[in-house]
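Only one structure is covered here, and it is reproduced in the block below.
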Amino acid sequence: MRNTASAALLCAVCFSGSILATGAIADATEIWPTTGFSSPESVEWDAAAGLFYVSNMGADPMAKDADGYIGKLGADGVIKADKWVTGLDAPKGMAIMRGKLFTADIDQLVEIDIASGQITNRYPAAGAVLLNDVIAAPDGRVFVSDTFANSVWVLETGAMGILAQDPMLMGPNGLTLDGNSLIVANLGDVSQGFDKIKPGYVVAVDLTSKAITPYGSVDPSGVLDGVEPDGAGGVLITDNMGGRLLQQAPGGAAMEVGKLEPGAADLEFVADQGLIVVPLTPANTVIGLKWTD
């Protein structure tokens, strides 16, 4: 069932702000913008193919309206395929594992065969409110955040189940892995309404014990969206509402390293190219940034 209150909150996150501020501060400098998307939410690098997949939510990020799709984007910012995969509602986070691309689509995890571009499976998550980011583990498990249910799901043995549900998962959004820890960027607490949101911070979920601990400082970092390893033992994070690129080391505080605009969503970092790619949802734009740390 669609949660209309949650939909309103999500739209406020995804469609606040306008466009990237050209130029940059600190270590991230814009090198290209690409327009022509439809509410882009996430990018995923395919090293074997040498390109990015871009999820497009379409008109409504929570509507089952079949207008969502995935496109292909080159590392140079040139669109390689506009609508590579269709038949989706509002796809968000993505992850690649064993020749398959997985994407979160409202209340199901969709599996796509990369070679053919065909949808090969759909895994329902009964009771999910808003499946958001996706990360695949080397052991074959696929983890998915459920932002408005303060939960993380896991796909294993062909079925979706709850891995963790806890108040410390305060609007879980972006996911990445660090050894046996699932790193979660929290959007924040929206229980009192989006106008009174309590910004979130990053936490770690131990995949053996399921214990949840702060990744670093518990001071609010922002309305957090994507999170990626920074190649130096820490993470890069997008602050969606604040329009900032952040960097955080384990045990430390998040520091601003790049200026974006509100609506910056689920980023990707290609370390060997020094390339950060960020969807700007409200501007229907994806940007490339050169990382010079």
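The values are calculated or read from the model by the stated rules, or taken from the named source; none is laboratory data. On a predicted model such as this, the values are computed, not experimentally measured, just so you know. FYI the Cβ positions are ideal-geometry reconstructions off the backbone, even for glycines, and counts take in every protein chain you see.
Table for the structure above
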quantity: Any hit, region 172-179, residues being touching a strand residue (DSSP E or B) at 6+ places or on another chain (Cβ under 6 Å) and in a loop (DSSP other than H, G, I, E, B); calculated: no
quantity: Strands (runs of 3 or more DSSP E) fully within region 94-136 counting 3 or more residues that are more than 20 Å from ASP65 (Cα to Cα); calculated: 94-97, 131-136
quantity: Yes/no for LEU73 being under 24 Å from ALA211 (Cα atoms) and either in a strand (DSSP E or B) or under 18 Å from the mean Cα position of the chain (by Cα) (or both); calculated: no
quantity: The listed residue being of a type outside the set (D, E, K, R), in contact with a helix residue (DSSP H, G or I) (Cβ under 8 Å, 6 or more places away or on another chain) and closer than 18 Å to PRO220 by Cβ, out of PRO167, PRO172; calculated: PRO172
quantity: Test: residue in region 150-167 that is of a type in the set (Gly, Ala, Ser), modelled with pLDDT of 95 or more, out of contact with any His (no Cβ under 9 Å at 6 or more places or on another chain) and within 18 Å of SER42 (Cα to Cα); calculated: no
quantity: Single match in MET57, MET62, MET94 (criterion: in contact with a helix residue (DSSP H, G or I) (Cβ under 7 Å, 6 or more places away or on another chain) and crowded, with 21+ Cβ neighbours inside 10 Å); calculated: MET62
quantity: Counted residues, region 253-282 - those being assigned to a helix (DSSP H, G or I) and crowded, with 22+ Cβ neighbours inside 10 Å; calculated: 1
quantity: Tally of residues being touching a residue at least 12 places away in the same chain (Cβ under 8 Å), of a type outside the set (A, V, I, L, M, F, W, C) and not in a strand (DSSP E or B) across region 139-171; calculated: 8
quantity: Enumeration of residues in region 137-153 that are crowded, with 20+ Cβ neighbours inside 10 Å and aliphatic (A, V, I, L, M); calculated: VAL142, VAL144, ALA149, VAL152
quantity: Listing of strands (runs of 3 or more DSSP E) fully contained in region 1-70 that carry 2 or more residues being at pLDDT below 95; calculated: 28-35
quantity: Residues that are of a type in the set (Gly, Ala, Ser), part of a loop (DSSP other than H, G, I, E, B) and touching a Leu at 6+ places or on another chain (Cβ under 8 Å), drawn from region 215-247; calculated: SER221, GLY243
